[in-house]
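What follows is a single structure, written as structure tokens, with notes after it.
The values are calculated or read from the model by the stated rules, or taken from the named source; none is laboratory data. For clarity, every value in this text was computed on a predicted model and none was experimentally measured. When we count neighbours, we look across all protein chains shown, and the Cβ atoms used for this are built from the backbone with ideal geometry, even at glycine.
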Amino acid sequence: MNLSQLKPPPGQKHKKQRIGQGMGTGRGKYSGRGAKGAKSISGYSRMRGFEGGQMPLHRRLPKRGFTNIFKKEYAILNIGKLETLEGDNFEPANLLELGVIRKLKDGLKVLGTGELKRKIVVKAHVFSESARKKIETAGGTAEVIQ
């Protein structure tokens, strides 16, 4: 047997029913859409979440919470990652170039996860307390950019 000789079993495949091909086909005139109403016309599209006239789920559920439109989105970097990188001066521009951070939104935030065993200079917009402590105990400096 060959892959090119495989065929579906007889009766599995059916020819697609073509609608709007005249009264003799049984699918002519209104083409199965009925006479009137929104769904009978071309270009009809149902709204997302439409439930047949029943109040949709997104309107039944209560609105909750609050979204702060002034929230700052920082690019996050851990101390452990800085340990693996070459060099001793790190700032947002060259970290972006190295591909350590994907994009700089409202600034760079350095967090204290991981170990640091060498002296480095880090420039960032925000430092966590543990990150600042680890950098300074290793003999480095943590400079805040405005």
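Okay, here's what the table says:
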item	result
Region 105-146: number of residues that are in a loop (DSSP other than H, G, I, E, B) and out of contact with any Phe, Trp or Tyr (no Cβ under 9 Å at 6 or more places or on another chain)	13
Residue pairs meeting the criteria (Cβ under 9 Å; at least 6 apart or on separate chains; first part of a loop (DSSP other than H, G, I, E, B), in region 37-51; second surrounded by 10 or more Cβ atoms within 10 Å (Cβ to Cβ) and at pLDDT below 90)	none
Complete set of residues in region 5-28 that are among the basic types (K, R) and surrounded by 12 or more Cβ atoms within 10 Å (Cβ to Cβ)	R27
Single condition G80 does not satisfy, out of (1) of a type in the set (G, A, S); (2) part of a helix (DSSP H, G or I); (3) more than 30 Å from A138 (Cβ to Cβ)	(3)
Within region 35-84, tally of residues that are closer than 30 Å to E115 by Cα and exposed (fewer than 11 other Cβ atoms within 10 Å of the Cβ)	2
Hey, K63 assigned to a helix (DSSP H, G or I), over 30 Å from E129 (Cα atoms), free of Cβ contacts under 8 Å to residues at least 24 places away in the same chain and charged (D, E, K, R) or not	no
Residue check for A75: at pLDDT 95 or above, closer than 17 Å to V126 by Cα and small (G, A, S)	yes
Check on G99, under 26 Å from the mean Cα position of the chain (by Cα) and on the phi > 0 side of the Ramachandran plot	yes
Meets criteria (surrounded by 10 or more Cβ atoms within 10 Å (Cβ to Cβ), out of contact with any strand residue (DSSP E or B) (no Cβ under 8 Å at 6 or more places or on another chain), basic (K, R) and under 30 Å from K133 (Cβ atoms)) for R118	yes
N2 vs. criteria farther than 30 Å from G107 by Cα and exposed (fewer than 10 other Cβ atoms within 10 Å of the Cβ)	yes
Test: residue in region 93-102 that is exposed (fewer than 14 other Cβ atoms within 10 Å of the Cβ) and either at pLDDT 95 or above or of a type in the set (G, A, S) (or both)	yes
